[in-house]
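Comments concern the structure below.
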Amino acid sequence: MDIEAILQPHTEQCPRILELDEAQKARLAMMVGSVDETVGISHLVDCLADGTSLGGDGTIRCYVGFEPSGKAHIGWKVLSLQLRRMLDADANVLIFLADWHAWVNDKYNGVMADIQTTATYMEETFRALLGHPEEGDGPGQLRFVWASTLMNNGDYWARVLRCSKGATLAMVRKTFTIMGRDEASSDHDLSKFYYPAMQASDIFELKIDVAIGGMDQRKAHMFMRDVATKWGWAKATCIHTPIISSLKATGTRMESFDHKMSKSDPSGAILLHDAENILRNKMKKHAYLNPEDNDSPVYELAEHVVLPEWGEIVVTPNPKFGEPSTWTDLAEFKAAVSDGTLHPLDAKLGVAAGISRGLQAVAAHFEAKPETLDAVSKLRK
């Protein structure tokens with residue numbers, strides 16, 4: 001990890017980075033070095049430099065929120081790799097299971113018991129993805145908080161009202177993409193207009209120093225930061241991870257995130273429970289990879305899943321057609337596909353093998369303890 005190269009782009013915005021000692025710089029680089037965007041890095045730098053945190057004890061707390069809405073796809077793996085880096089950097093990692101938010105968003109037709117069954121499954125999945133880290137509220141520990149628990153705090157709904165105060169309907173509609181909805185989809189349901197304020201309130205009430213989410217959550221985080229400015233509250237640093245495209249996605253990626261992988265299209269999505277043969281078949285039949293195109297979901301998976309976890313892509317072609325090869329640099333991997341050194345099919349299957357290797361822990365967990373996965377599989381959406 002080239003710490004100076006990672007931090008240099010941030011030093012103009014936050015000169016205080018230069019005051020950090022080597023250990024503090026290493027922690028910061030671990031946290032922000034593999035993401036698409038970091039907004040408001042100054043708060044995180046201040047925490048490191050001063051030994052402070054919004055919780056008051058010097059433990060940097062980060063958060064990622066999920067609606068319990070079904071079985072996991074590879075996007076959870078991207079986030080789990082970032083959460084693992086946060087744990088390794090001695091941050092406390094909080095996974096927020098937004099059961100009431102899922103209810104507002106009509107998941108499982110509003111059946112709370114089904115939503116909470118899925119939340120329990122999510123706890124087990126993330127424990128397996130993260131290697132069953134120690135749990136607690138301290139540095140380098142993992143914890144889970146449910147929205148239904150947080151909302152029992154008597155101050156929560158007062159916070160929601162403050163976050164809503166001054167927000168226009170037009171402003172709120174612009175955030176509806178965080179629910180997977182368009183701006184005109186929810187005029188018949190007032191509860192959905194409180195969703196952005198609830199998400200912002202979660203971050204404030206939990207005293208979060210670093211809010212983590214995919215780039216599709218950026219609008220929610222910017223809403224939170226605008227609210228903080230209005231009320232004079234501390235602003236959490238926001239870290240945004242890449243969005244993985246559908247296996248079928250072609251061409252340049254768009255800001256709308258219409259291209260993103262979704263489990264609603266199973267043939268275009270890699271699910272965490274896909275067996276190796278199913279994953280290979282999806283990559284072989286559905287993954288777009290044109291040697292003349294520098295954009296491909298295969299390259300995204302290589303960049304954001306396989307290389308960060310294993311540091312290499314191992315390609316093992318049929319012996320009739322070539323020798324095994326190992327690739328540690330994405331640009332060289334792309335060039336080899338482009339110039340014909342690597343056949344596109346072999347490149348796809350090499351990436352598939354790396355993904356399958358990274359999902360073995362999840363498969364082993366649910367093979368030994370299948371109850372919650374079985375329960376979620378039986379639910380009707």
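The values are calculated or read from the model by the stated rules, or taken from the named source; none is laboratory data. Source: prediction; values computed, not measured. All Cβ positions, even for glycine, are placed from backbone atoms using ideal geometry, and neighbour counts span all protein chains on display.
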Practice task
Please verify whether segment 100-119 includes one or more residues that are in contact with a strand residue (DSSP E or B) (Cβ under 9 Å, 6 or more places away or on another chain), in contact (Cβ under 8 Å) with a residue 12 or more places away in the chain, in the same structural domain as Val227 (by TED's automatic domain parsing) and not in a helix (DSSP H, G or I).
Solution key: no
Completion exercise
Within segment 313-337, the residues that are under 28 Å from His73 (Cβ atoms), touching a residue at least 24 places away in the same chain (Cβ under 8 Å) and not aliphatic (A, V, I, L, M) are Thr316, Pro317, Phe333, Lys334
Handout entry: Search result, residues across segment 354-371 that are crowded, with 19+ Cβ neighbours inside 10 Å and in contact with a Phe, Trp or Tyr (Cβ under 8 Å, 6 or more places away or on another chain)
Key = Gly354, Gly358
Practice task
Give the number of residues within segment 203-217 that are assigned to a helix (DSSP H, G or I), crowded, with 20+ Cβ neighbours inside 10 Å and under 17 Å from the mean Cα position of the chain (by Cα).
Solution key: 2
Handout entry: Residues (part of a helix (DSSP H, G or I), of a type outside the set (A, V, I, L, M, F, W, C) and either in contact with a Ser or Thr (Cβ under 8 Å, 6 or more places away or on another chain) or under 15 Å from Phe126 (Cβ atoms) (or both)) located in segment 87-99
Key = Asp99
Practice task
Kindly indicate whether Arg127 is under 19 Å from the mean Cα position of the chain (by Cα), in contact (Cβ under 8 Å) with a residue 12 or more places away in the chain and outside any loop (DSSP other than H, G, I, E, B).
Solution key: yes
Practice task
Please go through segment 47-73 and pick out each residue that is surrounded by fewer than 17 Cβ atoms within 10 Å (Cβ to Cβ) and under 24 Å from the mean Cα position of the chain (by Cα).
Solution key: Gly55
Problem - Checklist (1) at pLDDT 95 or above; (2) assigned to a helix (DSSP H, G or I) applied to Lys230, failing item - result: (1)
Fill in the blank from the handout: For segment 1-57, the count of residues that are over 26 Å from Glu309 (Cβ atoms) and of a type in the set (A, V, I, L, M) equals 6
Practice task
For segment 108-119, indicate whether the set of residues that are hydrophobic (A, V, I, L, M, F, W, C), within 28 Å of Val78 (Cβ to Cβ), modelled with pLDDT of 90 or more and touching a Phe, Trp or Tyr at 6+ places or on another chain (Cβ under 8 Å) is non-empty.
Solution key: yes
Practice task
Looking at (1) under 27 Å from Ser377 (Cβ atoms); (2) in a loop (DSSP other than H, G, I, E, B); (3) out of contact with any Asp or Glu (no Cβ under 7 Å at 6 or more places or on another chain); (4) not small (Gly, Ala, Ser), find the lone condition where Arg84 falls short.
Solution key: (2)
Completion exercise
Only one of Ala184, Ala200 is of a type outside the set (Lys, Arg) and either at pLDDT 80 or above or buried (at least 16 other Cβ atoms within 10 Å of the Cβ) (or both), namely Ala200
Practice task
For Met224, work out the one condition from (1) under 30 Å from Val45 (Cβ atoms); (2) surrounded by fewer than 19 Cβ atoms within 10 Å (Cβ to Cβ) it doesn't fulfil.
Solution key: (2)
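Here is a yes/no grid of residues against (1) within 28 Å of Ser377 (Cα to Cα); (2) touching a His at 6+ places or on another chain (Cβ under 7 Å):
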| residue | (1), (2) |
| --- | --- |
| Thr120 | yes, no |
| Glu124 | yes, yes |
| Gly131 | yes, no |
| Asp137 | no, no |
| Gly140 | no, no |
| Phe144 | yes, no |
| Asn152 | no, no |
| Tyr156 | no, no |
